[in-house]
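These notes concern the structure reproduced below.
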Amino acid sequence: MEFIGKIFVMAIAAIFVQNFVLMRFLGLCPYIGVSKKLDSAIGMGMAVIFVMTMASTFTWLIQSYLLIPLKLEFLQTIAFILTIASLVQLVEMIIQKLAPALYKALGVYLPLITTNCAVLGVAILNINENYSFIEAILNGLFGGVGFTLVLILMAGIREKLEKAELPRAMKGMPIAMIVAGSMALAFLGFSGLKL
Amino acid sequence: MIKEFTKGFIKENPVFVMALGLCPTLAVSSSVMNAIGMGLAATFVLVCSNIMISLIKNFVPNKIHIPAYIVVIASFVTIVDMVMEAYVPALHKSLGLFIPLIVVNCIILGRAEAFAGKNNVFKSMLDGLGMGLGFTLALSVIATIREILGAGQFLGMQVLPTSYKPMLVAILAPGAFIVMGLLMGAMKLKKKK
(Lines give C-alpha, C1' and ligand atoms only; values in the text may rest on other atoms or scores of the structure.)
Protein backbone atom coordinates (compact mmCIF):
# COMPACT_ATOMS: atom_id res chain seq x y z
CA MET A 1 0.00 0.00 0.00
CA GLU A 2 2.83 2.33 0.87
CA PHE A 3 4.36 1.67 -2.53
CA ILE A 4 1.16 2.59 -4.38
CA GLY A 5 0.96 5.77 -2.31
CA LYS A 6 4.47 6.67 -3.32
CA ILE A 7 3.72 6.12 -7.00
CA PHE A 8 0.65 8.34 -6.68
CA VAL A 9 2.67 11.12 -5.08
CA MET A 10 5.30 10.90 -7.82
CA ALA A 11 2.61 11.04 -10.49
CA ILE A 12 0.98 14.16 -9.05
CA ALA A 13 4.37 15.80 -8.56
CA ALA A 14 5.66 15.12 -12.07
CA ILE A 15 2.39 15.81 -13.90
CA PHE A 16 1.09 18.86 -12.06
CA VAL A 17 3.34 20.38 -9.41
CA GLN A 18 6.62 20.17 -11.30
CA ASN A 19 5.20 20.01 -14.81
CA PHE A 20 8.10 19.69 -17.24
CA VAL A 21 6.86 22.28 -19.68
CA LEU A 22 5.22 24.93 -17.57
CA MET A 23 7.27 24.78 -14.38
CA ARG A 24 10.67 23.48 -15.45
CA PHE A 25 10.70 25.02 -18.95
CA LEU A 26 11.72 21.79 -20.63
CA GLY A 27 10.51 20.80 -24.09
CA LEU A 28 9.17 24.18 -25.14
CA CYS A 29 10.09 23.86 -28.82
CA PRO A 30 7.69 20.99 -29.56
CA TYR A 31 5.19 22.50 -27.12
CA ILE A 32 4.93 25.63 -29.28
CA GLY A 33 5.77 23.94 -32.59
CA VAL A 34 3.46 20.91 -32.65
CA SER A 35 0.48 22.35 -30.78
CA LYS A 36 -1.33 23.75 -33.81
CA LYS A 37 -3.41 20.64 -34.44
CA LEU A 38 -4.94 18.26 -31.93
CA ASP A 39 -4.10 15.06 -33.88
CA SER A 40 -0.43 15.77 -34.24
CA ALA A 41 -0.28 16.91 -30.61
CA ILE A 42 -1.63 13.55 -29.47
CA GLY A 43 0.80 11.65 -31.71
CA MET A 44 3.76 13.72 -30.58
CA GLY A 45 2.72 13.31 -26.94
CA MET A 46 2.61 9.53 -27.24
CA ALA A 47 6.01 9.45 -28.92
CA VAL A 48 7.47 11.64 -26.18
CA ILE A 49 6.00 9.51 -23.36
CA PHE A 50 7.56 6.43 -24.93
CA VAL A 51 10.94 8.03 -25.56
CA MET A 52 11.09 9.64 -22.10
CA THR A 53 10.33 6.36 -20.33
CA MET A 54 12.83 4.42 -22.41
CA ALA A 55 15.45 7.14 -22.07
CA SER A 56 15.07 7.18 -18.27
CA THR A 57 15.46 3.41 -18.16
CA PHE A 58 18.52 3.18 -20.37
CA THR A 59 20.37 6.23 -19.14
CA TRP A 60 19.93 5.10 -15.52
CA LEU A 61 21.37 1.69 -16.39
CA ILE A 62 24.25 3.23 -18.33
CA GLN A 63 25.06 5.64 -15.51
CA SER A 64 24.95 2.97 -12.78
CA TYR A 65 26.59 0.02 -14.51
CA LEU A 66 28.91 1.65 -17.03
CA LEU A 67 29.90 5.20 -16.20
CA ILE A 68 30.22 4.97 -12.40
CA PRO A 69 32.19 1.66 -12.23
CA LEU A 70 34.53 2.89 -14.96
CA LYS A 71 34.80 6.35 -13.34
CA LEU A 72 33.68 8.00 -16.55
CA GLU A 73 31.01 10.30 -15.07
CA PHE A 74 32.37 13.24 -17.02
CA LEU A 75 31.17 11.56 -20.21
CA GLN A 76 27.59 11.69 -18.92
CA THR A 77 26.33 14.35 -21.33
CA ILE A 78 27.80 12.67 -24.40
CA ALA A 79 26.73 9.16 -23.41
CA PHE A 80 23.15 10.25 -22.63
CA ILE A 81 22.62 12.23 -25.81
CA LEU A 82 23.86 9.32 -27.91
CA THR A 83 21.54 6.90 -26.12
CA ILE A 84 18.62 9.22 -26.72
CA ALA A 85 19.51 9.75 -30.37
CA SER A 86 19.59 6.00 -30.99
CA LEU A 87 16.28 5.50 -29.18
CA VAL A 88 14.60 8.17 -31.25
CA GLN A 89 15.90 6.56 -34.42
CA LEU A 90 14.35 3.29 -33.28
CA VAL A 91 10.97 4.88 -32.50
CA GLU A 92 11.05 6.64 -35.85
CA MET A 93 11.58 3.38 -37.71
CA ILE A 94 8.81 1.65 -35.76
CA ILE A 95 6.27 4.41 -36.37
CA GLN A 96 7.20 4.63 -40.04
CA LYS A 97 6.52 0.92 -40.40
CA LEU A 98 3.37 0.65 -38.27
CA ALA A 99 1.62 4.00 -38.78
CA PRO A 100 2.70 5.78 -41.97
CA ALA A 101 -0.09 8.37 -41.61
CA LEU A 102 1.08 9.36 -38.15
CA TYR A 103 4.64 9.42 -39.43
CA LYS A 104 3.62 11.90 -42.12
CA ALA A 105 1.76 14.08 -39.62
CA LEU A 106 4.65 14.28 -37.19
CA GLY A 107 7.05 15.00 -40.01
CA VAL A 108 10.09 16.94 -38.95
CA TYR A 109 9.25 16.87 -35.27
CA LEU A 110 10.01 13.21 -34.78
CA PRO A 111 13.77 13.45 -35.29
CA LEU A 112 13.53 16.61 -33.22
CA ILE A 113 12.61 14.59 -30.13
CA THR A 114 16.36 14.08 -29.88
CA THR A 115 16.76 17.77 -29.23
CA ASN A 116 13.70 17.89 -26.98
CA CYS A 117 15.27 19.04 -23.76
CA ALA A 118 12.58 17.27 -21.71
CA VAL A 119 14.13 13.92 -22.68
CA LEU A 120 17.74 14.75 -21.82
CA GLY A 121 16.44 16.82 -18.91
CA VAL A 122 14.62 13.91 -17.29
CA ALA A 123 17.65 11.68 -17.74
CA ILE A 124 19.96 14.12 -15.98
CA LEU A 125 17.39 14.98 -13.30
CA ASN A 126 17.02 11.30 -12.41
CA ILE A 127 20.75 11.12 -11.75
CA ASN A 128 20.95 14.46 -9.91
CA GLU A 129 18.04 13.53 -7.62
CA ASN A 130 19.57 10.13 -6.85
CA TYR A 131 16.44 8.28 -7.90
CA SER A 132 16.32 4.50 -7.67
CA PHE A 133 15.77 2.50 -10.86
CA ILE A 134 11.99 2.24 -10.40
CA GLU A 135 11.68 5.90 -9.42
CA ALA A 136 13.67 6.93 -12.51
CA ILE A 137 11.40 4.97 -14.84
CA LEU A 138 8.27 6.37 -13.19
CA ASN A 139 9.65 9.90 -13.32
CA GLY A 140 10.22 9.50 -17.05
CA LEU A 141 6.77 8.07 -17.61
CA PHE A 142 4.88 10.67 -15.58
CA GLY A 143 7.03 13.49 -16.91
CA GLY A 144 5.99 12.41 -20.40
CA VAL A 145 2.34 12.24 -19.35
CA GLY A 146 2.58 15.77 -17.95
CA PHE A 147 4.12 16.96 -21.21
CA THR A 148 1.38 15.31 -23.26
CA LEU A 149 -1.35 16.76 -21.03
CA VAL A 150 -0.27 20.37 -21.50
CA LEU A 151 0.50 19.78 -25.19
CA ILE A 152 -3.02 18.52 -25.81
CA LEU A 153 -4.60 21.30 -23.74
CA MET A 154 -2.58 23.84 -25.69
CA ALA A 155 -3.54 22.31 -29.05
CA GLY A 156 -7.22 22.49 -28.08
CA ILE A 157 -6.91 26.16 -27.16
CA ARG A 158 -4.95 27.04 -30.27
CA GLU A 159 -7.47 25.38 -32.59
CA LYS A 160 -10.08 27.74 -31.15
CA LEU A 161 -7.69 30.69 -31.30
CA GLU A 162 -7.38 30.25 -35.08
CA LYS A 163 -10.83 31.75 -35.42
CA ALA A 164 -10.46 34.43 -32.77
CA GLU A 165 -10.01 38.05 -33.75
CA LEU A 166 -6.59 39.21 -32.68
CA PRO A 167 -4.35 42.17 -33.39
CA ARG A 168 -2.20 41.17 -36.36
CA ALA A 169 1.05 41.41 -34.43
CA MET A 170 -0.13 38.99 -31.74
CA LYS A 171 -1.16 36.21 -34.15
CA GLY A 172 0.69 32.91 -34.04
CA MET A 173 3.68 32.65 -31.75
CA PRO A 174 3.12 35.70 -29.49
CA ILE A 175 -0.42 34.73 -28.47
CA ALA A 176 0.72 31.12 -28.00
CA MET A 177 3.26 32.35 -25.45
CA ILE A 178 0.63 34.41 -23.62
CA VAL A 179 -1.71 31.40 -23.51
CA ALA A 180 1.18 29.32 -22.16
CA GLY A 181 1.69 32.01 -19.53
CA SER A 182 -1.92 31.81 -18.43
CA MET A 183 -1.67 28.03 -18.27
CA ALA A 184 1.48 28.31 -16.18
CA LEU A 185 -0.40 30.67 -13.87
CA ALA A 186 -3.12 28.05 -13.45
CA PHE A 187 -0.56 25.33 -12.81
CA LEU A 188 1.11 27.54 -10.23
CA GLY A 189 -1.98 26.83 -8.13
CA PHE A 190 -0.82 23.20 -7.76
CA SER A 191 2.41 24.26 -6.09
CA GLY A 192 0.47 24.74 -2.86
CA LEU A 193 -0.17 20.99 -2.70
CA LYS A 194 1.63 19.32 0.18
CA LEU A 195 2.86 15.92 -0.92
CA MET B 1 31.47 39.41 -43.95
CA ILE B 2 30.13 41.96 -41.52
CA LYS B 3 26.63 40.86 -42.46
CA GLU B 4 27.31 37.30 -41.30
CA PHE B 5 28.22 38.73 -37.93
CA THR B 6 25.46 41.27 -37.38
CA LYS B 7 22.46 39.40 -38.80
CA GLY B 8 22.09 37.49 -35.53
CA PHE B 9 21.47 40.61 -33.48
CA ILE B 10 18.12 41.78 -34.82
CA LYS B 11 17.23 40.61 -38.32
CA GLU B 12 17.65 36.89 -37.70
CA ASN B 13 17.69 37.00 -33.92
CA PRO B 14 17.55 33.35 -32.91
CA VAL B 15 15.11 33.90 -30.06
CA PHE B 16 12.67 36.60 -31.12
CA VAL B 17 12.54 35.98 -34.85
CA MET B 18 13.28 32.30 -35.25
CA ALA B 19 11.90 31.16 -31.87
CA LEU B 20 14.78 28.77 -31.27
CA GLY B 21 16.27 27.91 -27.91
CA LEU B 22 13.16 28.80 -25.98
CA CYS B 23 13.76 26.53 -23.00
CA PRO B 24 16.96 28.12 -21.72
CA THR B 25 15.67 31.56 -22.68
CA LEU B 26 12.65 31.31 -20.45
CA ALA B 27 14.26 29.26 -17.71
CA VAL B 28 17.31 31.33 -16.90
CA SER B 29 15.99 34.81 -17.63
CA SER B 30 14.76 35.45 -14.08
CA SER B 31 17.92 37.44 -13.32
CA VAL B 32 20.29 39.37 -15.59
CA MET B 33 23.37 37.70 -14.13
CA ASN B 34 22.10 34.22 -15.02
CA ALA B 35 21.06 35.41 -18.46
CA ILE B 36 24.51 36.77 -19.30
CA GLY B 37 26.23 33.66 -17.93
CA MET B 38 24.01 31.38 -19.96
CA GLY B 39 24.36 33.53 -23.06
CA LEU B 40 28.15 33.53 -22.93
CA ALA B 41 28.34 29.79 -22.25
CA ALA B 42 26.12 29.12 -25.26
CA THR B 43 28.14 31.57 -27.39
CA PHE B 44 31.36 29.72 -26.57
CA VAL B 45 29.83 26.37 -27.53
CA LEU B 46 28.30 27.86 -30.67
CA VAL B 47 31.56 29.38 -31.91
CA CYS B 48 33.65 26.28 -31.15
CA SER B 49 31.16 23.83 -32.61
CA ASN B 50 30.67 25.98 -35.73
CA ILE B 51 34.43 26.07 -36.32
CA MET B 52 34.84 22.35 -35.69
CA ILE B 53 31.89 21.34 -37.84
CA SER B 54 32.92 23.47 -40.75
CA LEU B 55 36.37 21.83 -40.54
CA ILE B 56 35.06 18.27 -40.51
CA LYS B 57 32.06 18.70 -42.81
CA ASN B 58 33.81 17.14 -45.79
CA PHE B 59 34.88 13.98 -43.97
CA VAL B 60 31.58 13.11 -42.34
CA PRO B 61 29.32 10.84 -44.38
CA ASN B 62 25.99 12.49 -45.00
CA LYS B 63 23.97 9.75 -43.34
CA ILE B 64 25.50 10.17 -39.92
CA HIS B 65 26.14 13.89 -39.97
CA ILE B 66 23.59 14.74 -37.26
CA PRO B 67 24.94 12.27 -34.66
CA ALA B 68 28.47 13.41 -35.52
CA TYR B 69 27.51 17.05 -34.99
CA ILE B 70 25.81 16.21 -31.70
CA VAL B 71 28.96 14.51 -30.41
CA VAL B 72 31.03 17.57 -31.32
CA ILE B 73 28.55 19.86 -29.53
CA ALA B 74 28.32 17.59 -26.49
CA SER B 75 32.11 17.59 -26.11
CA PHE B 76 32.26 21.38 -26.00
CA VAL B 77 29.33 21.50 -23.57
CA THR B 78 31.19 19.10 -21.28
CA ILE B 79 34.18 21.44 -21.37
CA VAL B 80 32.04 24.48 -20.52
CA ASP B 81 30.31 22.54 -17.75
CA MET B 82 33.61 21.63 -16.08
CA VAL B 83 35.21 25.06 -16.51
CA MET B 84 32.18 26.78 -15.02
CA GLU B 85 32.02 24.37 -12.12
CA ALA B 86 35.66 25.12 -11.34
CA TYR B 87 35.74 28.92 -11.74
CA VAL B 88 32.19 30.20 -11.18
CA PRO B 89 30.58 27.59 -8.90
CA ALA B 90 27.77 29.93 -7.78
CA LEU B 91 26.64 30.64 -11.33
CA HIS B 92 27.07 26.97 -12.23
CA LYS B 93 24.76 26.05 -9.39
CA SER B 94 22.04 28.54 -10.26
CA LEU B 95 22.03 27.56 -13.94
CA GLY B 96 22.06 23.91 -12.86
CA LEU B 97 20.42 21.54 -15.29
CA PHE B 98 20.50 24.06 -18.10
CA ILE B 99 24.25 23.84 -18.69
CA PRO B 100 24.28 20.21 -19.87
CA LEU B 101 21.09 21.05 -21.72
CA ILE B 102 23.00 23.45 -23.99
CA VAL B 103 23.60 20.26 -26.01
CA VAL B 104 19.97 20.20 -27.05
CA ASN B 105 19.66 23.94 -27.58
CA CYS B 106 18.17 24.05 -31.06
CA ILE B 107 20.12 27.20 -31.95
CA ILE B 108 23.40 25.31 -31.88
CA LEU B 109 22.37 22.29 -33.90
CA GLY B 110 20.34 24.59 -36.13
CA ARG B 111 23.33 26.76 -36.99
CA ALA B 112 25.54 23.69 -37.47
CA GLU B 113 23.06 22.23 -39.91
CA ALA B 114 22.01 25.43 -41.68
CA PHE B 115 25.29 27.31 -41.78
CA ALA B 116 28.51 25.65 -40.59
CA GLY B 117 27.88 22.50 -42.64
CA LYS B 118 27.86 24.60 -45.81
CA ASN B 119 30.28 27.47 -45.27
CA ASN B 120 34.00 27.97 -44.67
CA VAL B 121 35.64 28.19 -41.25
CA PHE B 122 35.96 31.95 -40.96
CA LYS B 123 32.38 32.66 -42.00
CA SER B 124 31.09 29.95 -39.67
CA MET B 125 33.00 31.45 -36.77
CA LEU B 126 31.49 34.88 -37.41
CA ASP B 127 28.04 33.37 -37.77
CA GLY B 128 28.45 31.52 -34.47
CA LEU B 129 29.69 34.62 -32.69
CA GLY B 130 26.89 36.79 -34.06
CA MET B 131 24.16 34.29 -33.27
CA GLY B 132 25.59 33.68 -29.82
CA LEU B 133 25.68 37.37 -29.01
CA GLY B 134 22.17 37.77 -30.42
CA PHE B 135 21.04 35.02 -28.07
CA THR B 136 22.79 36.72 -25.14
CA LEU B 137 21.19 40.03 -26.09
CA ALA B 138 17.70 38.52 -26.23
CA LEU B 139 18.21 36.76 -22.89
CA SER B 140 19.45 39.98 -21.27
CA VAL B 141 16.49 42.00 -22.54
CA ILE B 142 13.97 39.52 -21.15
CA ALA B 143 15.91 39.17 -17.91
CA THR B 144 16.13 42.94 -17.45
CA ILE B 145 12.37 43.33 -17.74
CA ARG B 146 11.69 40.39 -15.45
CA GLU B 147 14.22 41.33 -12.82
CA ILE B 148 13.11 44.96 -12.64
CA LEU B 149 9.41 44.11 -12.50
CA GLY B 150 9.76 41.06 -10.30
CA ALA B 151 12.39 42.18 -7.81
CA GLY B 152 12.90 45.91 -8.43
CA GLN B 153 16.55 45.14 -9.08
CA PHE B 154 19.04 45.16 -11.94
CA LEU B 155 22.10 42.90 -11.63
CA GLY B 156 21.28 42.63 -7.93
CA MET B 157 21.23 46.41 -7.36
CA GLN B 158 18.05 48.12 -6.22
CA VAL B 159 16.83 50.35 -9.07
CA LEU B 160 13.22 50.97 -8.13
CA PRO B 161 12.38 52.74 -4.85
CA THR B 162 11.96 50.31 -1.98
CA SER B 163 8.33 51.33 -1.68
CA TYR B 164 7.73 49.43 -4.98
CA LYS B 165 6.01 46.18 -4.29
CA PRO B 166 7.72 43.52 -6.46
CA MET B 167 5.47 41.81 -8.97
CA LEU B 168 6.55 38.37 -7.93
CA VAL B 169 4.79 36.69 -10.85
CA ALA B 170 7.31 38.24 -13.28
CA ILE B 171 10.16 36.11 -11.98
CA LEU B 172 8.01 32.99 -11.70
CA ALA B 173 7.21 30.74 -14.65
CA PRO B 174 4.09 32.57 -15.98
CA GLY B 175 5.93 35.89 -16.14
CA ALA B 176 8.53 34.35 -18.44
CA PHE B 177 5.93 33.27 -20.97
CA ILE B 178 3.97 36.51 -20.88
CA VAL B 179 7.02 38.82 -21.18
CA MET B 180 8.29 36.65 -24.04
CA GLY B 181 4.92 36.75 -25.83
CA LEU B 182 4.66 40.53 -25.56
CA LEU B 183 8.23 41.02 -26.79
CA MET B 184 7.64 38.71 -29.77
CA GLY B 185 4.49 40.66 -30.59
CA ALA B 186 6.43 43.92 -30.42
CA MET B 187 9.10 42.55 -32.77
CA LYS B 188 6.43 41.48 -35.24
CA LEU B 189 4.74 44.86 -35.08
CA LYS B 190 8.03 46.60 -35.83
CA LYS B 191 8.69 44.32 -38.79
CA LYS B 192 5.26 44.93 -40.35
CA LYS B 193 5.81 48.68 -40.53
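The values are calculated or read from the model by the stated rules, or taken from the named source; none is laboratory data. All values derive from a computational prediction rather than experimental measurement. As a convention, Cβ positions derive from the backbone with ideal geometry for all residues, glycine included, and neighbour counts pool all protein chains shown. The accessibility values were calculated without ligands, DNA or RNA, using every heavy atom of the protein model including side chains. Shrake-Rupley method; radii C 1.70, N 1.55, O 1.52, S 1.80 Å.
Rounded to the nearest 500, the helix-only mean residue ellipticity at 222 nm of the protein assembly as shown stands at -21500 deg cm²/dmol, with each DSSP H run of n ≥ 4 adding -39,500 (n - 2.57).
Among A:Leu102, A:Phe58, A:Leu82, which residue has its Cα positioned farthest towards the positive end of the charge dipole of chain A, with +1 placed on the Cβ of Lys and Arg, -1 on the Cβ of Asp and Glu, and the dipole taken about the Cα centre? Value: A:Leu102. Simple rule: put +1 on each Lys or Arg Cβ and -1 on each Asp or Glu Cβ in the protein assembly as shown, find the dipole, and look at A:Phe133, A:Val91, A:Leu193; the Cα lying farthest toward the positive end is A:Val91.
Computed about its Cα centre, the charge dipole of the stretch B:4-85 is approximately 280 debye, with only Lys, Arg, Asp and Glu carrying charge at their Cβ. Amide H contacts of B:Phe154: B:Val159, each under 5 Å away and 5 or more positions distant or on a separate chain (H built 1.01 Å from N in the peptide plane; Pro and chain starts excluded). Put simply, chains A and B cover up around 3100 Å² of each other's accessible surface, both sides summed, when a 1.4 Å probe is used. Grab the beta carbon distance between B:Tyr87 and A:Leu153, set R0 = 35 Å, and tell me the FRET efficiency rounded to 0.05. After rounding, the FRET efficiency stands at 0.25.
Per residue, the convex hull spanned by the Cα atoms of the stretch A:47-144 amounts to 87 cubic angstrom. When only the Cβ of Lys, Arg, Asp and Glu is charged (+1, +1, -1, -1), the dipole of the stretch B:43-150 relative to its Cα centre reaches about 280 debye.
Put a dot 7 Å past the Cα of A:Lys160, heading toward its Cβ, do the same for B:Lys63, and the two dots end up 4.9 nm apart. In the stretch B:101-169, the alpha-carbon atoms span a convex hull of 101 Å³ per residue. Straight Cα distances below 18 angstrom link A:Lys171 to the lysines A:Lys36, A:Lys37, A:Lys160, A:Lys163, B:Lys188, B:Lys190, B:Lys191, B:Lys192, B:Lys193, with same-chain residues fewer than 8 positions distant left out. When peptides B:31-37, A:96-102, A:114-120 are sorted by average Cβ neighbour count within 10 Å, with the highest value leading, the order is A:114-120, B:31-37, A:96-102.
Computed with a 1.4 Å probe on the full set of protein chains, the accessible area for A:Arg24 sits at about 70 Å². Taking A:Leu141, A:Leu66, A:Leu28 in turn, the Gaussian network model of chain A (Cα-Cα springs below 10 Å) assigns the largest fluctuation to A:Leu66. For peptide B:11-19, the mean count of partner chain Cβ atoms within 10 Å of a residue's Cβ comes to 1.
Among the DSSP helices (H) of chain B, those spanning at least 18 angstrom by Cα along their long axis with an average Kyte-Doolittle hydropathy of 1.6 or more are B:32-56; this is a geometric and hydropathy rule only.
Take the Cβ atoms of B:Ala186 and A:Met1, set R0 to 41 Å, and the FRET efficiency comes out at 0.15. Its Cα centre serving as origin, chain B has a Cβ charge dipole (Lys and Arg +1, Asp and Glu -1) of approximately 780 debye. A 1.4 Å probe run over the stretch B:2-146, with the rest of the protein chains in place, finds 39 Å² accessible per residue.
Counting only Cα atoms, the size of the protein assembly as shown along its three principal axes is 56, 54, 47 Å, in decreasing order.
Overall, the ratio between the Cα radius of gyration of the stretch B:2-146 and 2.2 N^0.38 Å, rounded to two decimals, is 0.99.
Rg and Dmax, both from the Cα atoms of chain A and both in Å, are 17.6, 60.
Which percent of the accessible heavy-atom area of the protein assembly as shown goes to carbon and sulfur, probe 1.4 angstrom? Before the final figure, lay out the partial values.
Numbers: 12840 of 18090 Å².
It is 71 percent, rounded to a whole number.
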